[in-house]
Structures are given as C-alpha cells and as structure tokens.
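Step one of this worksheet: look at the structure below.
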Amino acid sequence: MNYRSRLFYLVVFILLVASTASCGGVSVEEYTISVSGTAGQPFNGSYMGVDSGSTNSKSIEGVVPATYTISGSIVSCMFQKTTDNNNLLKAQISKKGKVVAETETTAAYGVVTLSTSK
C-alpha cells in the first residue's frame, strides 16, 4: 500500500471514530474546498465529509485551480502533486466564506492534508 493510500485510510479512520463518539448535537454544514497555487499544476487526491456516521468521499484528479463543495459535520481532504517540480500546491477549506483550515507545499510530489474540527 502506498503512502497516499495509507494516509487516506488513516484520515478516514480518525474521522469515523470522531463522528461515532460525538453523534449527538452535531450539525451538518456546507464547506468549500479550494485547491490553488501554481496555475496548471496537476494533482490527485480525495475529499470527504462525515455526517452522523455516514461518509461521503470522492477521489479526484485535477489541475490548479479547482474548487469542490461538500457537506458534513467534519470535512477532510488530501491532495498530492503528481510532478517533481517546486510549484506551489495550496488547499483551503472554507465555511460560509471564512477559511477554517489551510496548508501548502512546494515539495516535489508534495502532499497537503486538511480537516475541519467540530
């Protein structure tokens, strides 16, 4: 199993444990995931939303810039550059126009991983 697969399953496990432990009173929100940086930078990855024990996930391949919308009480994403250059890959998770999490990388084949908190 490669690094990306292991990381994805680790994030899924953490989110499922967190959602199971706190099902009461959790509200579902809509989030926007933005992938930016050096225009045209190719990437692949996945994003998911957890809602009272159910998980909605999607695997993607794209190029910068890209935007995705997902609902959940917790949202997580992971994107990896598919090239060995020093281009910027940046990811943000926003709720109602406010950035709640962000990270970036310029590493060759760099990975960005984000999640929201409750």
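The values are calculated or read from the model by the stated rules, or taken from the named source; none is laboratory data. Small disclaimer: the values here were computed from a predicted structure and weren't measured. Here the Cβ is made from the backbone with ideal geometry for all residues, glycine too, and neighbour counts use every protein chain on show.
Could you list, in sequence order, all residues of segment 57-85 that are surrounded by 13 or more Cβ atoms within 10 Å (Cβ to Cβ), within 13 Å of I33 (Cα to Cα) and charged (D, E, K, R)? None; the set is empty. Taken together, the residues in segment 85-110 that are part of a strand (DSSP E or B), touching a strand residue (DSSP E or B) at 6+ places or on another chain (Cβ under 9 Å) and not aliphatic (A, V, I, L, M) amount to 8.
On inspection, G62 qualifies as modelled with pLDDT of 60 or more, part of a strand (DSSP E or B) and closer than 22 Å to E104 by Cβ. Within the set of pairs 6 or more residues apart or between chains, which connect a residue that is among the small types (G, A, S) inside segment 48-66 to a residue that is surrounded by 15 or more Cβ atoms within 10 Å (Cβ to Cβ) and at pLDDT below 90 with Cβ atoms less than 8 Å apart? From residues that are among the small types (G, A, S), the pairs are G49/T55; S52/S19; S52/V26; G53/L16; G53/S19; S57/V12. Candidates in segment 67-84 are the residues that are part of a loop (DSSP other than H, G, I, E, B) and in contact (Cβ under 8 Å) with a residue 40 or more places away in the chain; of these, the one that is nearest to S117 (Cα to Cα) is S73.
Identify the residue in segment 101-116 that is touching a residue at least 40 places away in the same chain (Cβ under 8 Å) and more than 19 Å from S59 (Cβ to Cβ) and, among all such residues, is surrounded by the most Cβ atoms within 10 Å (Cβ to Cβ). Here the residue is T116. Condition check for L88 on (1) under 26 Å from S52 (Cβ atoms); (2) surrounded by 13 or more Cβ atoms within 10 Å (Cβ to Cβ): one failure, at (1).
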